[in-house]
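Worksheet: the structure to be examined is printed underneath.
The values are calculated or read from the model by the stated rules, or taken from the named source; none is laboratory data. On a predicted model such as this, the values are computed, not experimentally measured, just so you know. Here Cβ is always computed from backbone atoms with ideal geometry, including for glycine, and neighbour counts include all displayed protein chains. We work out accessible area using only protein heavy atoms, side chains counted, and drop any ligands, DNA or RNA first. Shrake-Rupley method; radii C 1.70, N 1.55, O 1.52, S 1.80 Å.
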Amino acid sequence: MLELRGVTKLYSSIPAVNDVSFTARAGEITGYLGPNGSGKSTTLKMITGLVEPTRGAILFDGEPVERNWFEFKRRTGYVPEEPHLYSHLTGLEYLTMVAQLRGLPRHSSADKIDGLLRLFSLRGDRDLPLSSYSKGMRQKVLLSAALLHNPDLILLDEPFSGLDVTFGLVVRSLVREFAARGKVVLFSSHELETVERICSHVVILHRGTIVADDSIEALRTLMALPTLEQIFSQLAVEQDTESISREIANLILA
């Protein structure tokens, strides 16, 4: 179980994340939603240790993560929003490097890497430099690297970025499969339809503060709204989206 207690991050006294508390449980897929700039990626970076919280506590299985960073990171797989890869390496070289840094057994990790490259349709391009990969191909490499060591906590920040429809469906099923096998999955995405299909629980941020933390079904009942998109619009979208789209269309069509 992943637990955040009053987690806050200030930049020049301005809160990017403000007093965030929620729990992501094993066997569930927790959706983490919010408009751009709401603090989603900052939260995930604090969980991974890339950004230090100003205050608050982050716990995994009841233990503060900073008590043993090495062990926590060994149990964590993270797909960041931006694919920062070593572009001069090939796909095979990159995943081999990740396996070595993780201290994985050489022969078994080589077999697993080969299987991942095959299943993600990257085997034919494994010896090409990452600089030649499309965005979707780089995303597959990131997913493979995050899952290679069989993590207990899976953090996904826009994991469908660049993927075609087929592999979007594969990853959607894969996330469900990992949750069914007892993993803790925290999943941040702008794709509300996908979140509604695969997440049992959602946390919605607005300006760095949680405005909803419940099951999708409970939120539908509470707010008397039929879809997650309508719930999200009610809680976290300040603009009148229909009015803005109408003005844009009027401007273009004038």
Exercise. For the stretch 28-64, how many residues are under 13 Å from ASN18 (Cβ atoms), surrounded by 20 or more Cβ atoms within 10 Å (Cβ to Cβ) and more than 11 Å from the chain's Cα centre (by Cα)?
Worked result: 6
Exercise. Across the stretch 1-27, which residue is surrounded by the most Cβ atoms within 10 Å (Cβ to Cβ) among those that are of a type in the set (A, V, I, L, M) and touching a residue at least 60 places away in the same chain (Cβ under 8 Å)?
Worked result: VAL17
Exercise. Looking at the stretch 194-227, which of its residues are more than 17 Å from GLY39 (Cα to Cα), aliphatic (A, V, I, L, M) and modelled with pLDDT of 65 or more?
Worked result: VAL195, ILE198, ILE216, ALA218, LEU219
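In the list GLU81, GLU71, which residue meets the criterion of being in contact with a helix residue (DSSP H, G or I) (Cβ under 7 Å, 6 or more places away or on another chain), on the phi < 0 side of the Ramachandran plot and open to solvent by 60 Å² or more (accessible area, probe 1.4 Å)?
On the way: GLU71 fails: in contact with a helix residue (DSSP H, G or I) (Cβ under 7 Å, 6 or more places away or on another chain).
The unique qualifying residue is GLU81.
May I ask you to say which residue of PRO151, PRO159 is closer than 22 Å to GLU93 by Cβ and not in a helix (DSSP H, G or I)? Even if it seems obvious, please write down each step before you answer.
Working: PRO159 fails: closer than 22 Å to GLU93 by Cβ.
Just a single option satisfies the conditions, and that option is PRO151.
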Seminar exercise, completed: If you go through ASP114, ASP125, ASP157, the only one that is acidic (Asp, Glu), open to solvent by less than 60 Å² (accessible area, probe 1.4 Å) and under 30 Å from PRO35 (Cβ atoms) is ASP157
Problem set entry | Single residue of ASP152, ASP164 found to be at pLDDT 85 or above and closer than 24 Å to ARG102 by Cα | ASP152
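Would you confirm, using the coordinates I've provided, whether LEU147 is touching a helix residue (DSSP H, G or I) at 6+ places or on another chain (Cβ under 9 Å), under 25 Å from ILE29 (Cα atoms) and touching a residue at least 60 places away in the same chain (Cβ under 8 Å)? If you could, list the steps in order and put the result at the bottom.
On the way: touching a helix residue (DSSP H, G or I) at 6+ places or on another chain (Cβ under 9 Å): yes; under 25 Å from ILE29 (Cα atoms): yes; touching a residue at least 60 places away in the same chain (Cβ under 8 Å): yes.
Spelling it out, LEU147 is indeed touching a helix residue (DSSP H, G or I) at 6+ places or on another chain (Cβ under 9 Å), under 25 Å from ILE29 (Cα atoms) and touching a residue at least 60 places away in the same chain (Cβ under 8 Å).
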Exercise. Do we find a residue being outside any loop (DSSP other than H, G, I, E, B), closer than 22 Å to ARG25 by Cβ and in contact (Cβ under 8 Å) with a residue 12 or more places away in the chain anywhere in the stretch 118-127?
Worked result: no
